[in-house]
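Enquirer: Input: one structure, supplied below.
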Amino acid sequence: MLNYIIRRVVYALPVLIGVNLLTFALFFVVNTPDDMARMQLGIKYVTPEAIEKWKAERGYNKPLLFNAEAEKLEKLTSTIFFEKSVAMFVFDFGRSDDGRDIAHEIRSRMLPSLAIGLPVFVLGLVVYITLALLMVFFRATYIDFWGVVVCVALMSISTLFYIIVGQFLVSKLWHWVPISGYGNGADAAKFLLLPVIVGVIGNVGSSARWYRTVFLEEMNKEYVRTARAKGLPERLVLFKHVLRNAMIPILTGAVVVVPLLFLGSLLIESFFGIPGLGSYTIDAINSQDFAVVRAMVFLGSMLYIVGLILTDISYTLVDPRVRLN
Amino acid sequence: MDKTVVAAWMLMSLLLMAACDRQQWNSPYAEADAEKNVSYSVFSERPKHLDPVQSYSSNEIQFTAQIYEPPLQYHYLKRPFTLIPATAQEIPAVKYFDAHDRLLPHDARTDEIVYSVYEISIKPGILFQPHPAFAIDASGNWLYHRLSREALKSVFVLSDFAQTGTRELLAEDYVYQIKRLAHPKLHSPIYGLMVDYIVGLRIYADTLKQVESNLPGSETFLDLRNYEMEGVQIIDRYTYRVKIKGKYPQFLYWLAMPFFAPIPWEADRFYSQKGLMEKNITLDWYPVGTGPYMLTENNPNLRMVLERNPNFHDEFYPDEGMPGDAERGLLIDSGKKLPFIDKVVFTREKESIPRWNKFLQGYYDASGIGSDSFDQAVQMVGQGEATITDEMAAQGIRLETTVAVSTYYMGFNMLDPVVGGGNDPRAQESARKLRQAISIAVDYEEYISIFANGRGIPAHSPISPGIAGYRDGQEGINPVVYDWVNGQPQRKSLRDAKELLRQAGYPDGIDQRTGAPLILYFDVTARSAEDRSKLDWMRKQFQKLNIQLVVRSTDYNRFQDKIRKGNAQIFEWGWNADYPDPENFLFLLYGPQRKVGNSGENAVNYDNAAYNLLFDRMKNMEDGEERQSIIDEMVKILRYDAPWLWGYHPTDYALYHAWYRNIKPNRVSNNSLKYFKIDADLRAKKQREWNEPILWPAVLVCIVMIVGLIPAIMTYLRYESRTATKNISI
């Protein structure tokens, strides 16, 4: 397994370089270093000298990808792309364009993101699987029919709608929890309740339907018929046999997102005032802060790759037939 | 007892305990602060800079203005805005000198004045806020000026330093800050402007650059006290002198901005330590001031907290204001010591919906009014007068309005051959008439009514109300666009506009030289649905003259680029004044301030020799009859040339709860927090009243779930009790 993991990590390097290059290209198609300088320096009284000074201090006064004036290897290394990319591969994210330490920001914002992401993930998994199993249990009855109808309706509605309705009903009308905000320690619970519920409900339609399909597929397998023929109650067939055998598709969808829980949700964090990494990314995009954008994209790509590796490893745990080699 | 019953009892008990809790369930604040003298405010964008030499935007100055004290400030209640001393003993009297350093009389001609000197004396006995930069040990050595790696291990935020100290504010602190404008590692937005005024600032910047490049790699502190600058001089412990090139009366206004607030060298020394910089503990993040408040929590992602500075010097609420201020209760606290509020919590709210709802629940003391909540908050009565709606009034909320010292306009790029005219005098004349015709056709009264909810007044010149030089009534109207009818301005008819268009060579919107329809281009950054309706409206305005308006939408970067290069034709722009002087508006059309070629602030590249000459005379004059007549002349030229379509001056509408007092809003003086007052008991009472938890929906949800489960359970039981044979069809 170790060899497999090492091989996957090595494969990840060109993927990360590619993602980094793509981010770089997309960012600088829309923004120039001059635009970035102006964004940081403000609108009033900005002189060309101030812009040049800002660029020089942050290394944005060099060519983007190829330095024709440099010698030999420096033609490639004395460029914005090279200088801004290399350090990231040793997790040195540097400073944001307004001078803050990005690693420090990521560390301090990871916890609020996780505080929402983890409960949404765990609670969501339990709720979605339970609902899917219920629909499967009552398949071909009105419960299954209306369950699917409700799922389709729920998945047709934007998360933003759930956020606004949730805030309106639960916070504004019924006064149960604060509309938005965040607290430290135990104080965080009252702020997290609503975003977690909204996060779970926001995905209930699509996820419950997907799990229902997975379980129904398993229901048609021969071992299920055997279990029934042996006289097992239906609930035991479902919860003991079908659920266990459906773990591979469940893990495919679930484990891969585990590392991404750290990155937070752009929309939920923004509306509920949660100071996580999702809102950090949005702020960076809005303020054209390339240093933060590339760091977050790099981190996201890396965590996604980690998620995929973890998924592969988890297969070996739930299915003894799977071997990593 | 059954486990389910026990669990239900426990849940009920928890709910009851929570219900008995004095604080509301939906309160976003700590219970301990519930009835304290704390104000709750909001910010939407995280500040980039809190170093007064770098910070300039409004979301930064709302913090820095409470912490730092420049020598001067604006009188809180008087209008027009009046400068008064803050830490200065008095408003500094300027002295003028000629080329031979001879003192000139106060009424000397501007061309005789080679430099001006401002001598500023500050009040003795003012102390800085408690700060680790001032902490010393028993032997008088600085405790934290040379921190080791070991000592830094346990430091993550400024409050991790156990010891703090203070010292008296001195003239050298102000001088130190002026020198920092030229610091090679800092980006002061006003450096480019001030090098034209403060004697020796550019040379000083070059010197510092040289010195810094020679510093050893390990040294991060550049002690500015070691390098003299010609334009600033310490006279004695409490007095310093600033030498200005020529005559620049507006310099006094700059002395009321945080750019000229004091910075102690100890703070610079302390924050220059590499280990602290690596931990984001910098002067740009943790201010050190003498003002009424100090920043005690700095988490710009979530919350910024200002607390009363225990060392704040004596300052008292003003005892005189404008007519009507006493009736509005603004003089009740006259003579009382400032500040009134102990702590101000600024919470970050990026979205308008939660911000607005929290205000309605009483969790924010004040709120602006977004377009989506305008109808809920404001109603128009009588002659278009804005008042609070009954719903808001029932909550005790009050509305305060004030005309901002700002202007929004539509600019015609004067370098464009069609709307600017180029170099040919005939084409220039044609373009001028075209601009005048458009000025009449675009109905900004309608625009304000539809898109700004009536929050603005149509502009007749660049100068906004409340500023010297602004004229009201008949003498203030733009005669190119308006007539004075029945005691009020009335926009000229479309017939007049069409006649001007005909004279411009475009009868009925057709270019008489080519026979082609006249097409103009409107450069915008608009994206949203609301923007689209604005653009449709704008097209219709031009359509009144049969002019086709083509909208060229682009992103903000490209738009700015077009403006800088003079590639836009017609565009919208705005300006918020830095200080309440007409010069700060009129310079926007001063030739040498052109964007193209000069990188100035004149976005339309207007360049009129007569206007420039008058501006040169006006800018250095004191307010008075003579200055007013020159301003009138300048405005007359502008109205005739119409390089801008004088859009409107926005009116700020803000809502305040009944417990929030002493509010007189304005956009010029930013240090108003110290005058505000909170009735915390009333707020707590109202919050309880407005936020009682409503529990019946929870009960309803439980009932629905139970009712929904019954058929499911029955189906399950039926399913489980079926025999296999039932499924076999014979």
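Enquirer: Sorting B:K245, A:K172 by accessible area (1.4 Å probe), largest first, what list results?
Expert: Correct descending sequence by accessible area is B:K245, A:K172.
Enquirer: Right, another one. Could you tell me what percent of the accessible area of the range A:2-90 is made up of carbon and sulfur, with a 1.4 Å probe and every protein chain present?
Expert: The nonpolar share, carbon plus sulfur, comes to 70 percent.
Enquirer: With a Cα-only, solvent-free Debye model of the range B:425-541, what are the log10 I(q)/I(0) values at q = 0.11, 0.15, 0.18, 0.24 Å⁻¹?
Expert: -0.46, -0.84, -1.11, -1.35
Enquirer: Go through B:V481, B:V211 and list them by solvent-accessible area, largest first, probe radius 1.4 Å.
Expert: If we order B:V481, B:V211 from most to least accessible, we get B:V211, B:V481.
Enquirer: Binning at 5 Å from 0, report for the range A:2-90 what percent of all alpha-carbon pair distances ends up in each bin.
Expert: Distribution as computed: 3, 12, 17, 19, 17, 12, 8, 5, 3, 2, 1, 0 percent.
Enquirer: A further question on this structure: In the range A:1-73, which trypsin sites (Lys or Arg not before Pro) fall in coil by DSSP and have 13 or fewer other Cβ atoms within 10 Å?
Expert: A:K72
Enquirer: For the range A:251-325, state which trypsin sites (Lys or Arg not before Pro) are in a DSSP loop and have at most 14 other beta carbons lying within 10 Å of their beta carbon.
Expert: A:R321, A:R323
Enquirer: Please compute the net charge surrounding B:L252, taking Lys and Arg as +1 and Asp and Glu as -1 over other residues with Cβ under 14 Å from its Cβ.
Expert: Once positives and negatives cancel, what remains is -4.
Enquirer: Taking the alpha-carbon distance from B:K123 and a cut-off under 25 Å, which lysines remain once sequence neighbours fewer than 8 residues away in the same chain are dropped?
Expert: B:K78, B:K95, B:K179, B:K243, B:K336, B:K337, B:K674
Enquirer: In percent, what relative contact order does chain A have, based on Cα pairs under 8 Å that are 6 or more apart in sequence?
Expert: 24
Enquirer: Arrange the residues B:M322, B:M194 by how much accessible surface each exposes, largest first, with a 1.4 angstrom probe.
Expert: Descending accessible area places them as B:M322, B:M194.
Enquirer: Right, something else. So between B:D223 and B:S58, what do we pick up on full extension, going 0.36 nm a residue minus the alpha carbon distance?
Expert: That pair, B:D223 and B:S58, stretches by 56.4 nm at full extension.
Enquirer: Now for a different question. What does the accessible area per residue of chain A come to in Å², with a 1.4 Å probe and no ligands, DNA or RNA counted?
Expert: Here the per-residue accessible area is 48 Å².
Enquirer: Then there's this: Between B:E320 and A:L13, what is the label-to-label distance in nm when each label sits 7 Å out along the Cα-to-Cβ direction?
Expert: 7.8
Enquirer: At 7 Å along Cα-to-Cβ for each site, give me the label-to-label distance between A:L236 and B:S533 in nm.
Expert: Output for this residue pair reads 6.5 nm.
Enquirer: Related question: Give, ordered by residue number, each residue of the range B:172-195 whose 1.4 Å probe accessible area is reduced by a minimum of 40 Å² on adding the remaining protein chains to the chain alone.
Expert: The answer is B:H187, B:P189 - residues whose exposure falls by at least 40 Å² when every protein chain is included.
Enquirer: Let me ask you something else. Could you compute the net charge surrounding B:Q490? Neighbours are other residues with a C-beta less than 13 Å from the C-beta of B:Q490; K and R count +1, D and E count -1.
Expert: -2
Enquirer: What percent do you get for the relative contact order of the range A:45-125 when only Cα pairs under 8 Å and 6+ apart count?
Expert: Computed over the range A:45-125, the figure is 15 percent.
Enquirer: Report the Rg/Rh value for the range B:48-284, based on alpha-carbon coordinates and the Kirkwood definition of Rh.
Expert: Reported Rg/Rh, Kirkwood definition of Rh: 0.99.
Enquirer: Compute the FRET efficiency between B:E297 and B:T514 as 1/(1 + (r/R0)^6), taking r as their Cβ-Cβ distance and R0 = 60 Å, and round to the nearest 0.05.
Expert: Calculated transfer efficiency: 0.35.
Enquirer: Set the Förster distance to 35 Å, then compute FRET efficiency between A:L317 and B:A698 from the Cβ-Cβ distance, nearest 0.05.
Expert: Working from the Cβ atoms, E equals 0.30.
Enquirer: Also: Starting from 0.36 nm per residue, how many nanometres of slack lie between A:L193 and A:I248 once their C-alpha separation is accounted for?
Expert: Result: 16.8 nm gained on full extension.
Enquirer: Can you pull the accessible area of B:D632 for me, 1.4 Å probe, Å² to the nearest 10?
Expert: So the heavy atoms of B:D632 present about 50 Å² to solvent.
Enquirer: Normalised by the residues of the range B:48-284, what does the relative contact order come to in percent, with Cα pairs under 8 Å and at least six apart?
Expert: So the answer I get is 28 percent.
Enquirer: Relative to the present Cα-Cα distance, how much length would full extension add between B:I203 and B:Y719 at 0.36 nm per residue of separation?
Expert: 176.5 nm
Enquirer: Mind pulling the per residue volume of the convex hull built on the Cα atoms of the range A:113-318? Å³ is fine.
Expert: For the range A:113-318, the hull spanned by Cα atoms encloses 145 Å³ per residue.
Enquirer: Going by the alpha-carbon gyration tensor, a ≥ b ≥ c the square roots of its eigenvalues, is chain B rounded (a/c under 1.5) or, if a/c is not under 1.5, prolate (a/b greater than b/c) versus oblate?
Expert: Oblate, since a/c reaches 1.5 and b/c is not below a/b.
Enquirer: Net charge near A:A132: determine it from the other residues with C-beta under 10 Å of the C-beta of A:A132, scoring Lys and Arg +1 and Asp and Glu -1.
Expert: Net of charged neighbours comes to +2.
Enquirer: Can you give the accessible area buried between chains A and B, summed over both chains, with a 1.4 Å probe, in Å² to the nearest 100?
Expert: 5300
Enquirer: With the Cα gyration tensor of the range B:535-586 giving a ≥ b ≥ c as the square roots of its eigenvalues, does the rule (a/c under 1.5 for rounded; else a/b larger than b/c for prolate; else oblate) give rounded, prolate or oblate?
Expert: Judged from the Cα gyration tensor, the range B:535-586 comes out oblate (a/c at least 1.5, b/c at or above a/b).
Enquirer: Still on this structure, please answer the following. Straight-line reach from B:K636: which lysines have Cα under 16 Å away, leaving out those fewer than 8 places along the same chain?
Expert: Once the sequence-local lysines are set aside, what remains near B:K636 is B:K433.
Enquirer: May I ask you to derive the FRET efficiency for B:R471 and B:E445 from their Cβ-Cβ distance with R0 = 25 Å, giving the value to the nearest 0.05?
Expert: Efficiency, from the Cβ-Cβ distance: 0.85.
Enquirer: Roughly how many Å is it from the Cα centre of the range A:78-148 to that of the range B:389-439, as a whole number?
Expert: One Cα centre to the other: 46 Å.
Enquirer: Within the range A:2-90, count lysine pairs with alpha carbon atoms under 21 angstrom apart where the residues are 8 or more positions apart or belong to different chains.
Expert: 11
Enquirer: I would also like to ask the following. Checking understanding here: applying a Kyte-Doolittle mean of at least 0.5 and a length along the axis of at least 27 Å (C-alpha), which whole DSSP H helices in chain B pass?
Expert: Once both thresholds are applied, what remains is B:696-721.
The values are calculated or read from the model by the stated rules, or taken from the named source; none is laboratory data. Model, not experiment: these values are computed from the prediction. Cβ coordinates were reconstructed from backbone atoms using ideal geometry, including for glycine residues, and neighbour counts include every protein chain displayed. The accessibility values were calculated without ligands, DNA or RNA, using every heavy atom of the protein model including side chains. Shrake-Rupley method; radii C 1.70, N 1.55, O 1.52, S 1.80 Å.
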